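S.K.: Let me give you the structure first, and then I'll get to my questions.
Bear in mind these aren't lab numbers, they're just calculated from the coordinates by the rules spelled out. Owing to the predicted nature of the structure, the values given are computational and were not obtained by experimental measurement. Cβ coordinates were reconstructed from backbone atoms using ideal geometry, including for glycine residues, and neighbour counts include every protein chain displayed.
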Amino acid sequence: MKASMIALLGVFALGTVANAQYASSLSDTSLSDISLRVGASLPIDSKLNDRFNTFAGIGIDYHLKTSLVSGSASFLSADWTTGDSKFKSNAIALMINQRWALGGMQNKATYGYLGLGAVIVDAGVSKTVVGIRGGVGIEMSKNVFGELTAVFSDKVGNARYNVLGAYIGYRF
């Protein structure tokens, strides 16, 4: 488990550093490509729901300078969630994502996104599995946004890390 986590975090960090080398200015130290999120998730897998009522979570996004898919924006995301139970429960989702504009709602930009990657789950059984995420978001101001997110994973023990979440975030 620890070796898998270290390897995945290393790949994530390498991708971030490799992309940063192409920045337009070496003196630019702003965090303009970073977003932070906080929120809560509810388990939608019945076996996961038997053990946990809610998960608290934090996340970080790194927006890539070049899109991998035409007409959308690419970003890397790392999310950590922890359960509300006496049981040991943590999950880390590392994803590559695409974001598409959906239009507007009450003069606010809306978007949808899809991601694919790995979910490292430690809830009695530790395992790294394939996961997907998707959701919708709304720009509440220049820097503040809200998102509704769904994450689905392959089986870990007898349950899947399948959750629905709501997050509020800030783009630097």
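S.K.: Between Ala123 and residues 5 or more places away or on another chain, which pairs have amide H atoms under 5 Å apart, with H built 1.01 Å from N, and which residues are they?
M.R.: Asn90
S.K.: Okay, moving on. Run the numbers for Ser32 and Leu148: contour at 0.36 nm per residue of separation, minus the present Cα-Cα distance, in nm. Please list the in-between numbers first.
M.R.: Numbers: separation 116, 0.36 × 116 = 41.76 nm, distance 2.26 nm.
Answer, rounded to one decimal: 39.5 nm.
S.K.: Starting from 0.36 nm per residue, how many nanometres of slack lie between Phe172 and Ile60 once their C-alpha separation is accounted for?
M.R.: On the way: separation 112, 0.36 × 112 = 40.32 nm, distance 1.11 nm.
Gain in length upon complete extension: 39.2 nm.
S.K.: Find the lysine pairs in the stretch 65-159 meeting two conditions, Cα atoms under 18 Å apart and a separation of 8 or more places or different chains, and report how many there are.
M.R.: Details: Lys88/Lys127; Lys88/Lys155; Lys108/Lys142; Lys127/Lys155.
For the stretch 65-159, the number of qualifying lysine pairs is 4.
S.K.: While we're here: With θ set to phi - 60°, apply the Karplus curve 6.51 cos²θ - 1.76 cosθ + 1.60 along the stretch 33-48 and write out the HN-Hα couplings as whole Hz, x wherever there is a Gly or Pro.
M.R.: 9, 10, 10, 10, 9, 9, x, 9, 10, 10, x, 10, 7, 4, 6, 5
S.K.: At a 10 Å Cβ-Cβ cut-off, how would you order Phe52, Phe172, fewest neighbours first?
M.R.: Phe172, Phe52
S.K.: Starting from the Kirkwood Rh over alpha-carbon pairs, what translational D in µm² s⁻¹ does the stretch 84-140 have by Stokes-Einstein at 4 °C and 1.567 mPa s?
M.R.: Numbers: Rh = 13.3 Å.
For the chosen part, D equals 97 µm²/s.
S.K.: If you add up the charges near Val38, with Lys and Arg at +1 and Asp and Glu at -1, over every other residue whose beta carbon is less than 13 angstrom from its beta carbon, what do you get? Walk me through the numbers on the way to the answer.
M.R.: On the way: positive: Arg37; negative: Asp61, Asp79, Glu147.
Result for the local shell: -2.
S.K.: Taking neighbour Cβ counts within 10 Å as the exposure measure, how do Tyr111, Tyr170, Tyr161 sort from fewest upward?
M.R.: Details: Tyr111 18, Tyr170 13, Tyr161 26.
So the ranking, lowest neighbour count to highest, is Tyr170, Tyr111, Tyr161.
S.K.: Separate question: Between rounded, prolate and oblate, where does the stretch 106-172 land on the alpha carbon gyration tensor, with a ≥ b ≥ c its root eigenvalues, rounded for a/c under 1.5, else prolate if a/b exceeds b/c?
M.R.: On the way: a/c = 3.13, a/b = 2.71, b/c = 1.15.
Prolate, because a/c is 1.5 or more and a/b exceeds b/c.
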